Amino acid sequence: MAGDVVLETEGLTKEFRGFVAVNDVSLRVHRGAIHALIGPNGAGKTTCFNLLTKFLEPTRGTITWQGRDITRAKPAEVARMGLVRSFQISAVFPHLTVLENVRVALQRARGSSYDFWRSERVLSRFDDRARELLADVHLSEYEAVPAGLLPYGRKRALEIATTLALEPEMLLLDEPTAGMTHEDVEHVVALIRRIRAGRTILMVEHNLSVVSGLSDTITVLTRGHVLAEGDYATVSANPEVRAAYLGSEEAA
Amino acid sequence: MNAVPLSQRIAFAAMLVLIVASPFVLYPVFLMKVLCFALFAVAFNLLIGFVGLLSFGHAAYFGMGSYVSAHAAKVWGFTPELAILSGAVVAALLGAAFGWLAIRRSGIYFAMITLALAQMVYFVCVQAPFTGGEDGIQAVPRGHLFGVVDLSSDFALYWVVAAVFLAGFLFLYRVVHSPFGQVLKAIRENEARAVSLGYRVDDYKLIAFVLSAALAGVAGGTKAIVFQLATLTDVNWPMSGEAVLMTLVGGIGTIFGPPVGALVIITMQNELATILGAWVTVVQGGIFVACVLAFRRGIVGEIQAKLGKPL
Ligand SMILES: Nc1ncnc2c1ncn2[C@@H]1O[C@H](COP(=O)(O)OP(=O)(O)O)[C@@H](O)[C@H]1O
Ligand SMILES: [Mg+2]
């Protein structure tokens, strides 16, 4: 399955006042793959995401996206190159309606965002596409509801619909199923399966069953560095992974 | 969602009726003052209410608008509309430079930088010869609108000021309810998310800042034509405080709040000045504290919350 490498890091390191949160991480994400990043709480997964999407500056190391060095790029530029992230804490625009949330993304991708002299009515030309995206995540009936009032699981679904509106080449999903009911988790997993066509996905996940069924490659992170990498069978058979990951799971 | 809500249509109609009827009952000069400050507060509210940026230096744009318009009308012999326009252009340029410096910071740092830059402008105005120092620029001619309509009577000038206010008010309404305004809302609600969607948020903040500064310049320029005077008061920090206070009293982030706040504060200053003298400042301070502590939504904000309809 492995396509060419789209996203690559070399020796990626982030220190917070001496504390090394991400330590010499070299990742290769292949085109079209679902790549999972797992590890106990505090392993540095979110920090890693923040580095990849440029929300944080790396202390050392390089990031390459489709052959381009993006180590010093700005976060908005990275998003414009097709590398779009979600957040661990669900990120919606709470006072905008569900439909407007998706439209904000469509508007960015398709123009007219700087037009301060035109009526917002021109945005209604995005409504059809926004409704399609909402239908995909089973949110059609909520389109007029302010996003802040949605239950948690549906906020996550909305966030994914908003991200997909940009038609990104690569999605970075930070714990897309965190805090969800079992039913919602199944929804999201099914959704990720549907949207993977033509895309690359890097996801942080805590829920091992989600990872086992979905991902082509798993990278295990502990205390900032890569402990193991491979498919689910390889990684889960690794005694160090079992000790580090399962040990802390029991402790938690 | 896309049509103007009924509540706002009614409020706008009421405001129009007041604007048209009041000069037959009240002093036009008082009303013109209210309208100038209402526009100033509306301009300020674009930033605090719709971008979430607290500028504490809007006196700089109001004051420069005032000085430049006064100078253009008096020294260059500009017609009043061109004089006000020059004030707006200079305020916008100043806003572009200061905004560019300030938007890189947020919260209290943003407020501090805008204040510091505005104080620089104040000190320049104290020293620069063209401002007339302590005297200011006096005896500014009101001139003829488009070189034709004589504005020396208060009543004639009133309609021009009312038109300027309405144009500015409607313009800012449009900005807030434009594709651009939608992005501003998104940035205010969740900036990190807006960035992750690829929005260059600094560009949006800067454009909003420049628009706000330009409108503040229009307000200052109009004020200079009305009172035929531009002074250091226009450009000093308490003037920035007026914008904050009026917007806070009226309701931050509401459409009709800032004009209501301006009306309340100017009326209070006028009425109480004769009774209380210098104590007006103390009363104002008290109102400010009361608003911050107990009355955060402001007058229009409270009404809006009671009605459950946008105003
Ligand atoms: N901005 C920050 N400043 C200081 N320490 C941080 C910061 N962000 C994360 N950390 C630390 O880095 C470590 C990794 O955090 P994080 O990447 O959020 O872990 P994970 O997502 O794997 O649970 C944690 O110990 C956390 O406390
Ligand atoms: Mg995390």
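Once ligands and nucleic acids are excluded and a 1.4 Å probe is used, how much of residue B:76 is accessible, expressed in Å² to the nearest 10?
150
If you average 1/r over every pair of different alpha-carbon atoms in segment B:51-127 and take one over that average, what Kirkwood value in Å do you get?
Evaluated on segment B:51-127, it is 12.9 Å.
Ordering A:64, A:219 by how much accessible area each has at a 1.4 Å probe, largest first, what is the list?
Result, largest first: A:64, A:219.
State log₁₀ I(q)/I(0) for segment A:74-182 at q = 0.19, 0.20 Å⁻¹ as given by the Debye formula over alpha-carbon point scatterers of equal weight, solvent excluded.
Each listed q maps to, in turn, -0.99, -1.09.
How much of the pair distance distribution for segment B:237-311 lies past 14 Å, counting alpha-carbon pairs only, in percent?
In whole percent, the long-distance tail amounts to 59.
PRE reach from residue B:27 (point 7 Å along Cα→Cβ): which of segment B:256-294 fall under 14 Å by backbone N?
B:266-275
Per residue Cα convex hull volume for segment B:25-235, in cubic angstrom?
Dividing the Cα hull volume of segment B:25-235 by its residues yields 112 Å³.
If the elastic network links every pair of Cα atoms under 10 Å, which of A:235, A:185, A:122 fluctuates the most in the Gaussian network model of chain A?
Comparing A:235, A:185, A:122 in a Gaussian network model of chain A, the most mobile one is A:122.
Run the helix sum for chain B: -39,500 (n - 2.57) per DSSP H stretch of 4+ residues, divided by residue count, reported at 222 nm to the nearest 500 deg cm²/dmol.
-24500 deg cm²/dmol
Over the protein assembly as shown, give the accessible area per residue in Å² for a 1.4 Å probe, as an integer.
Per-residue value: 42 Å².
Place the peptides B:202-210, B:43-51 in order of packing, highest mean first, counting for every residue the other Cβ atoms within 10 Å and averaging per peptide.
B:43-51, B:202-210
Report the trypsin sites (Lys or Arg not before Pro) located in segment A:179-230 that are in a DSSP loop and have at most 10 other Cβ atoms inside 10 Å of their Cβ, or state none.
none
How large is ³J(HN,Hα) for each residue in segment B:100-113, as worked out from phi by the Karplus curve 6.51 cos²θ - 1.76 cosθ + 1.60 (θ = phi - 60°), to whole Hz, x for Gly and Pro?
For segment B:100-113, the Karplus curve yields 4, 6, 7, 5, 6, 10, 10, x, 5, 5, 4, 4, 5, 5 Hz.
Amide H to amide H under 5 Å from residue A:221: which residues, 5+ apart in sequence or cross-chain, H placed 1.01 Å off N in plane?
Here the answer is A:38, A:39, A:227, since their amide H atoms fall under 5 Å of that of residue A:221.
What residues does segment A:83-103 have that are buried by at least 50 Å² of accessible area in the full protein assembly compared to the chain on its own, 1.4 angstrom probe?
Residues of segment A:83-103 that lose at least 50 Å² of accessible area once the other chains are added: A:93, A:96.
Treating only the Cβ of Lys, Arg, Asp and Glu as charged (+1, +1, -1, -1), what charge dipole size does segment B:25-235 show about its Cα centre? Round to the nearest 20 debye.
Taking the Cα centre of segment B:25-235 as origin, the dipole is about 520 debye.
Could you list the trypsin sites (Lys or Arg not before Pro) in segment A:65-112 that lie in coil according to DSSP, counting only those with at most 14 other Cβ atoms within 10 Å of their Cβ?
A:72
Could you tell me what percent of the accessible area of chain B is made up of carbon and sulfur, with a 1.4 Å probe and every protein chain present?
The C+S portion of the solvent-accessible surface of chain B is 72 percent.
Could you point to the residue in B:170, B:109, B:199 farthest towards the positive end of segment B:25-235's charge dipole, with +1 and -1 charges on the Cβ of Lys/Arg and Asp/Glu respectively?
With unit charges placed on the Cβ atoms, the residue in question is B:199.
For segment B:7-60, compute Rh as the Kirkwood radius over C-alpha pairs and then the Stokes-Einstein diffusion coefficient at 10 °C and 1.306 mPa s; write the answer in µm²/s, rounded to an integer.
The calculation lands on 123 µm²/s.
From other protein chains only, count the Cβ atoms within 10 Å of every residue's Cβ in A:68-77, then give the mean.
Mean number of neighbouring Cβ atoms from other chains: 2.
Once the convex hull of the alpha carbons of chain A is built, what does its volume come to per residue, in cubic angstrom?
Spread over its residues, the Cα hull of chain A gives 137 Å³ apiece.
Lysines near residue B:205 by alpha-carbon distance under 26 Å, same-chain residues fewer than 8 away left out - which ones?
Cross-link targets: A:54, A:74, B:185.
Divide the volume of the convex hull of the Cα atoms of the protein assembly as shown by its number of residues and quote the answer in cubic angstrom per residue.
That works out to 177 Å³ per residue.
Quick one: buried accessible area between A and B, total over both chains, 1.4 angstrom probe, nearest 100 Å²?
3200
Length gain on complete extension for the stretch residue B:9 to residue B:274, per 0.36 nm per residue less the alpha carbon to alpha carbon distance?
91.7 nm
Between residue A:16 and residue A:60, what is the label-point separation in nm under the 7 Å Cα-to-beta-carbon projection?
Inter-label distance under the simple model: 2.0 nm.
Could you compute how fast segment A:140-252 diffuses translationally, taking Rh as the Kirkwood radius over C-alpha pairs and applying Stokes-Einstein at 10 °C with viscosity 1.306 mPa s? Give it in µm² per second.
Rounded to a whole number, D works out at 102 µm²/s.
Evaluate the relative contact order of segment B:25-235 (contact order divided by residue number), counting alpha-carbon pairs under 8 angstrom at least 6 apart; express in whole percent.
Dividing the mean separation by the residue count of segment B:25-235 yields 45 percent.
Keeping all protein chains in position, work out how much accessible area residue B:84 exposes to a 1.4 Å probe, and write it in Å² to the nearest 10.
Here the residue's solvent-accessible area equals roughly 20 Å².
Can you show me the helix-derived [θ] at 222 nm for chain A, built from DSSP H runs with n ≥ 4 at -39,500 (n - 2.57) apiece and divided by the number of residues, rounded to the nearest 500.
It comes out at -9000 deg cm²/dmol, rounded to the nearest 500.
How much length is gained on full extension from residue A:41 to residue A:225, taking 0.36 nm per residue of separation minus their Cα-Cα distance?
Computed gain between residue A:41 and residue A:225 is 64.9 nm.
Would you work out what percent of the accessible area of chain A, with all protein chains in place, is carbon or sulfur (probe 1.4 Å)?
Its accessible area is 51 percent carbon and sulfur atoms.
Specify the residue with the greatest mean-square fluctuation among B:231, B:281, B:267, computed from a Gaussian network of chain B linking alpha-carbon atoms under 10 Å apart.
B:281
The values are calculated or read from the model by the stated rules, or taken from the named source; none is laboratory data. Here the structure is a predicted model, which means the values were calculated and not measured. Please note: Cβ atoms are built from the backbone with ideal geometry, for glycine as well, and neighbour counts cover all protein chains shown. Accessible surface areas use protein heavy atoms only, side chains included; no ligands, DNA or RNA. Shrake-Rupley method; radii C 1.70, N 1.55, O 1.52, S 1.80 Å.
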